[in-house]
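What follows is a single structure, written as structure tokens, with notes after it.
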Amino acid sequence: MIQASICTIGDEILIGQVIDTNSSRIATALEEAGIRVTRMLSIGDNREEILSNLRNELEINDIVITTGGLGPTKDDITKGVLAELSGSKGYVENPEQLAIVQQILHSRGLDMLEINRAQALVPDRCEVIPNRLGTAPVMVFRFPEDTFGATLFALPGVPFEAIGALPSVMEDIRAHYPLDHILHHSVMVYGIAESALSELIAPWEDALPKDMHLAYLPNPVTGIRLRLSIYGGEEAEQKARVQEQLKGLEALLGELVYSDGDDTLQATVGRLLKAIGKTVSTAESCTGGMISHLITSVPGASAYYLGSVISYAVSVKKNVLGIPAETIQTAGVVSSTVAAAMAEGVRRTIGTDYAVSTTGLAGPDGDEFNPVGTVWIGVAGPNGTKTVKKIFKNDRKRNIERFAASALDELRKMIISDLK
């Protein structure tokens, strides 16, 4: 299988001044083409570091893609290092890139300076893929078998330019390399800790064929993505083999699985509601609109989502949702009773088939009855109301995310239960 490495070059990445978005986009394109990405590196603007790291990557990979360090200023040293690495004797001017540089400068009302013209100069041992979105071209170095036997693509660092050049880079790769197929299949799980999940499915995981690889990818909003991968082989055969393995996994996990694919909880809830022609509303206190945001992030949510009441204050719980003052005083704001009353109140007020509510303490403080991270979730539907208490031990932001995701999951489970 063809292997690749992705290297970002520039001190700005290492000091956290710039976030590297190029590597993930490039890795996705490589994986989709059937190329296995072995690693991602970030290298500073240091000649020796760039040389030693690129030599190492070229030794163990078929393809190396770099981004950054190709600008016109003195701190952009990548071009010179690549000239040295490739054994180039000098530089040549690429007329196509020079014409692009001229056009870009003229469109901005700027004169051509020597520093701009130098952008079109490339080492004499490289091929050029013109960069039509910027001044620095993509340089392609094909190292012979008696050196590295690999290909290096040097892309500009500006994300707009790097990703804009990626289709041409992938076209070149396809023209020069025999590519295998890589299959990734995800199963989305919610409502179980990663460690507990690993223990639960350990016998199934241990019995997987050696060419199948399982990864655990946790996320506070989407739960745990279990990604099963096969590198190499025919696509149809890969899919059939994965589906056969998934039967055993889903038998172990039951309703913990909410999607056989890459769906989110909110997309899954939306699909269920659309399938049965039902609607939903939300009453949120501690989540402050997070559930509504997640629901409405799905295109077409207007078909099933009608509205929300952000009942952050006790007065809104009483005056808008119709919860009696004595109920709140007796049970407490963070309670099963209030969560149920909130869900029933918003369902009645807005007129939906289902409603979900949250009342809790995201932090930084708890109260005399509830620790930080406590949430009561209420779900009301055509067949009644249920409440669930959960306690998460995270910071405020993470608690709010987990509260909202858990509310969506409880809503999902009620809808599925009603369908049965």
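Figures for the structure shown
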read-out: Answer from THR268, THR330, THR296 - the residue that is of a type in the set (Val, Ile, Thr) and in contact (Cβ under 8 Å) with a residue 60 or more places away in the chain; value: THR268
read-out: Residue in segment 6-21 that is in contact with a strand residue (DSSP E or B) (Cβ under 7 Å, 6 or more places away or on another chain), within 19 Å of ARG142 (Cβ to Cβ) and either buried (at least 21 other Cβ atoms within 10 Å of the Cβ) or outside the structural domain of LEU166 (by TED's automatic domain parsing) (or both) present; value: yes
read-out: Condition check for ILE19: in contact with a Phe, Trp or Tyr (Cβ under 6 Å, 6 or more places away or on another chain) and among the aliphatic types (A, V, I, L, M); value: no
read-out: Count of residues meeting criterion [among the charged types (D, E, K, R) and in a helix (DSSP H, G or I)] in segment 177-202; value: 2
read-out: Selected residue [assigned by TED's automatic domain parsing to the domain that holds SER52, under 23 Å from GLY44 (Cβ atoms), crowded, with 21+ Cβ neighbours inside 10 Å and in contact with a Cys (Cβ under 8 Å, 6 or more places away or on another chain)] from THR67, THR78; value: THR67
read-out: Sole exception among (1) within 24 Å of ASN61 (Cβ to Cβ); (2) out of contact with any Gly (no Cβ under 6 Å at 6 or more places or on another chain); (3) buried (at least 20 other Cβ atoms within 10 Å of the Cβ) for GLY157, by number; value: (2)
read-out: Scope segment 22-59; condition touching a Phe, Trp or Tyr at 6+ places or on another chain (Cβ under 7 Å) and at pLDDT 95 or above; matching residues; value: LEU58, GLU59
read-out: Filter result for the condition that a residue is surrounded by 15 or more Cβ atoms within 10 Å (Cβ to Cβ), closer than 26 Å to VAL333 by Cα and out of contact with any Asp or Glu (no Cβ under 9 Å at 6 or more places or on another chain), over LEU253, LEU294, LEU272; value: LEU294
read-out: Subset of segment 45-71 (residues that are out of contact with any strand residue (DSSP E or B) (no Cβ under 8 Å at 6 or more places or on another chain) and not acidic (Asp, Glu)); value: ASN46, ARG47, LEU51, SER52, ARG55, ASN56, GLY71
read-out: Single match in LEU273, LEU306, LEU294 (criterion: of a type in the set (A, V, I, L, M) and under 19 Å from ARG398 (Cα atoms)); value: LEU294
read-out: Filtered residue count, segment 216-234, keeping only those that are surrounded by fewer than 13 Cβ atoms within 10 Å (Cβ to Cβ) and over 26 Å from LYS390 (Cβ atoms); value: 1
read-out: Of all residues making up segment 222-251, the number that are modelled with pLDDT of 95 or more and in contact with a Lys or Arg (Cβ under 8 Å, 6 or more places away or on another chain); value: 0
read-out: Members of segment 375-420 found to be part of a strand (DSSP E or B) and touching a Phe, Trp or Tyr at 6+ places or on another chain (Cβ under 8 Å), listed by number; value: VAL375, ILE377, VAL379, ALA380, GLY381, THR387, VAL388, LYS389, LYS390
read-out: Qualifying residue in segment 33-52 (condition: touching a residue at least 40 places away in the same chain (Cβ under 8 Å) and surrounded by fewer than 15 Cβ atoms within 10 Å (Cβ to Cβ)); value: no
read-out: Among residues of segment 80-109, those that are assigned to a helix (DSSP H, G or I), touching a residue at least 24 places away in the same chain (Cβ under 8 Å) and more than 28 Å from GLU12 (Cα to Cα), counted; value: 2
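For every residue, the table says whether it meets (1) surrounded by fewer than 20 Cβ atoms within 10 Å (Cβ to Cβ); (2) farther than 18 Å from MET290 by Cα.
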{"residue": "THR352", "(1), (2)": "no, yes"}
{"residue": "THR374", "(1), (2)": "no, no"}
{"residue": "ASN383", "(1), (2)": "yes, yes"}
{"residue": "LYS386", "(1), (2)": "yes, yes"}
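Every residue, every condition in (1) under 14 Å from ALA283 (Cβ atoms); (2) modelled with pLDDT under 95; (3) not assigned by TED's automatic domain parsing to the domain that holds MET290, yes or no:
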{"position": "ASP353", "(1), (2), (3)": "no, no, no"}
{"position": "GLU368", "(1), (2), (3)": "no, yes, no"}
{"position": "VAL375", "(1), (2), (3)": "yes, no, no"}
{"position": "ALA380", "(1), (2), (3)": "yes, no, no"}
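The values are calculated or read from the model by the stated rules, or taken from the named source; none is laboratory data. None of the values given here were measured: they were computed from a predicted structure. Cβ atoms come from the backbone with ideal geometry, glycine included; neighbour counts cover every protein chain shown.
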